[in-house]
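Below is one structure, written out as structure tokens; comments come after it.
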């Protein structure tokens with residue numbers, strides 16, 4: 001996700017459980033849990049620069065159910081900028097990766113979140129892989 005001035009972050013919808021608060025509460029430069037909307041993780045750890053391509057790679061390892069051993073990592077332009085261990089990403093063994101979905105929009109639930117002008121974003125070489133451990 002990006003925020004004003006190209007500030008990047010991981011925005012995750014993961015369980016609001018004590019182990020995740022412990023693993024995430026001090027992730028720099030800024031991490032915040034909104035119990036209604038999800039986790040803003042490592043906000044400001046990388047940036048999108050207008051007019052330049054940014055290469056993003058993310059690795060998510062699901063936890064074993066009942067264990068806080070999930071992992072989220074993110075690389076921006078080849079540099080590891082987020083490395084979080086000890087997460088409880090799922091609480092049910094039926095929760096598995098079946099694919100990937102992404103979208104862009106000016107988030108929020110009111111008109112004041114909308115852009116004041118037409119804008120566009122370009123995506124290239126999008127890929128995904130699922131590896132079973």
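What percentages make up the Cα-Cα pair-distance distribution of region 24-70 when the bins are 5 Å wide from 0? Taking all Cα pairs of region 24-70, the binned fractions are 5, 15, 14, 23, 23, 12, 5, 2, 1 percent.
Listed options for percent of Cα pairs over 23 Å apart are [x] 31; [y] 38; [z] 55. The value calculated from this structure is the one marked [y].
Each of 40, 45 was scored by other Cβ atoms within 10 Å of its Cβ. Listed from fewest to most, they are 40, 45. The slack in the chain from residue 101 to residue 11, taken as 0.36 nm per residue of separation less the alpha-carbon distance, amounts to 31.1 nm. In the chain, Cα pairs under 8 Å separated by at least six residues give a relative contact order of 19 percent. Remark: region 1-43 is approximated by an ellipsoid whose semi-axes, taken from the C-alpha gyration tensor as √(5λ), come to 19, 12, 7 Å, largest first. With Cα atoms defining each centre, region 102-120 and region 33-69 are spaced 20 Å apart in the structure.
Applying 0.36 nm per residue to the separation of residue 117 and residue 1 and subtracting their alpha-carbon distance, the gain on full extension is 39.8 nm. Put simply, the C-alpha atoms of region 56-118 give a gyration tensor, and the ellipsoid matching it has half-axes of 29, 18, 11 Å, longest first.
We did not get these values from a lab; they are worked out from the coordinates using the rules stated. Here the structure is a predicted model, which is why all the values come from computation and not from measurement. A quick note on method: Cβ atoms are made from the backbone with ideal geometry, for glycine too, and the neighbour counts reach across all protein chains shown.
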